Each structure stands twice: as C-alpha cells, then as structure tokens.
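So the structure is just underneath, and the comments pick up after that.
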Amino acid sequence: MTQELDNIDLKILEQLQSNSNLTNKELAAAVHLSTTPTFERVRRLEREGYIKRYAAVLDAEKLNCGFVAFCFLKMKQHSHENAMRIMEAVQAIPEIGECYNISGDYDFLLKIYAKDMKSYQKFLLRILGDIDCIGSLSSSFVLGEVKSTQAIPLYAGD
C-alpha cells in the first residue's frame, strides 16, 4: 500500500534526484527535518517504489562511448512473439542504453552508445542484423546534447 506524498516527501525526492550521494544528515538539513524521520521517509519511498535505485551518472565521452544514435525499429510482422523476442534481445545488448516500445511508424526506439560511426555500423550489421524479426530500421545521430536528465518533474498535488 502506498501513501500519498506530501511536500516533504517531494523535497526529499527532489534532493535525491539532484544528488543521491547525500548523507542522511545532509538530506535532513536540506528538507528541514531531523535525521530519524528523514531516514524513515527515504526507506518508505524506497519500499513503496518511488525510488527505484541509486546510480552514478557516467561520462560517455570519457569512456569512449560518446557516439550516440537513436535507432527506430520496425518489426517484420506485428506479433506478440516478435515483440517479446526484440524486448528480450535488447536486455542482453550493453550498447543499448534505453529501449522504448512506441506508437507511430516504428515499433521500438533504441538509444545506442558506440565509439564512432564505424563501431555503430558493425553494431547494426553484427548485433541488430542477427535479430531476424526486425523488418527495418532508421538511425538518427546526436550532433550535440542540449539537455540530458533522468529527473522527473515533481508537483505537489494538482
């Protein structure tokens, strides 16, 4: 059972989205609450699934994966089996950072990290090319990053 979020819960989530490495003491000070209630609230937010996980944000350029492509995939034939095969396959491919089942002209949108264009070409031919239920694909390449965030907008009751 999940509890309604109040303004303090939202402030906690906002602070943790900005810096999940805050100590409980730092977080408590930021939301103007003592440490024990802050700790209990964070644990409740984790338990209820508002906080899925904590992660470090890495620099793709420094890790030689700064070439980013968005790849739109279309299935050969629309079927539950083909959709499941694609969804299972992408789970095991480390170059795919994100995958969405989408509406419109294509069925899936992938965010792919590669070293460079040549590496991306190899990826298309050797990895995606081996998934036989893919009918077609279209790629767009990132020329420059304007905004990148995992932060979700938080609103106090509508």
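The values are calculated or read from the model by the stated rules, or taken from the named source; none is laboratory data. Being a predicted model, the structure only gives us computed values, none of them experimental. Cβ sites come from the backbone with ideal geometry, for glycine too, and all protein chains shown count toward neighbours. What goes into the accessible areas is simple: the full protein's heavy atoms, side chains included, and nothing from ligands, DNA or RNA. Shrake-Rupley method; radii C 1.70, N 1.55, O 1.52, S 1.80 Å.
What the table below lists for this structure:
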{"quantity": "Test result for MET84, of a type in the set (A, V, I, L, M, F, W, C), more than 30 Å from LEU16 (Cβ to Cβ) and loosely packed, with under 15 Cβ neighbours inside 10 Å", "calculated": "yes"}
{"quantity": "Cβ-Cβ under 7 Å pairs, at least 6 apart or on other chains, region 14-37 side assigned to a helix (DSSP H, G or I), far side open to solvent by 80 Å² or more (accessible area, probe 1.4 Å) and basic (Lys, Arg)", "calculated": "VAL31/LYS11; THR35/LYS25"}
{"quantity": "Check on ALA89, assigned to a helix (DSSP H, G or I) and open to solvent by less than 50 Å² (accessible area, probe 1.4 Å)", "calculated": "yes"}
{"quantity": "Residues located in region 102-124, provided they are among the hydroxyl-bearing types (Ser, Thr, Tyr), in a loop (DSSP other than H, G, I, E, B) and in contact (Cβ under 8 Å) with a residue 24 or more places away in the chain", "calculated": "TYR106"}
{"quantity": "Members of region 125-144 found to be surrounded by 10 or more Cβ atoms within 10 Å (Cβ to Cβ) and free of Cβ contacts under 8 Å to residues at least 60 places away in the same chain, listed by number", "calculated": "LEU125, ILE127, LEU128, GLY129, ILE131, CYS133"}
{"quantity": "Yes/no for GLY97 being within 30 Å of LEU16 (Cα to Cα) and not in a helix (DSSP H, G or I)", "calculated": "yes"}
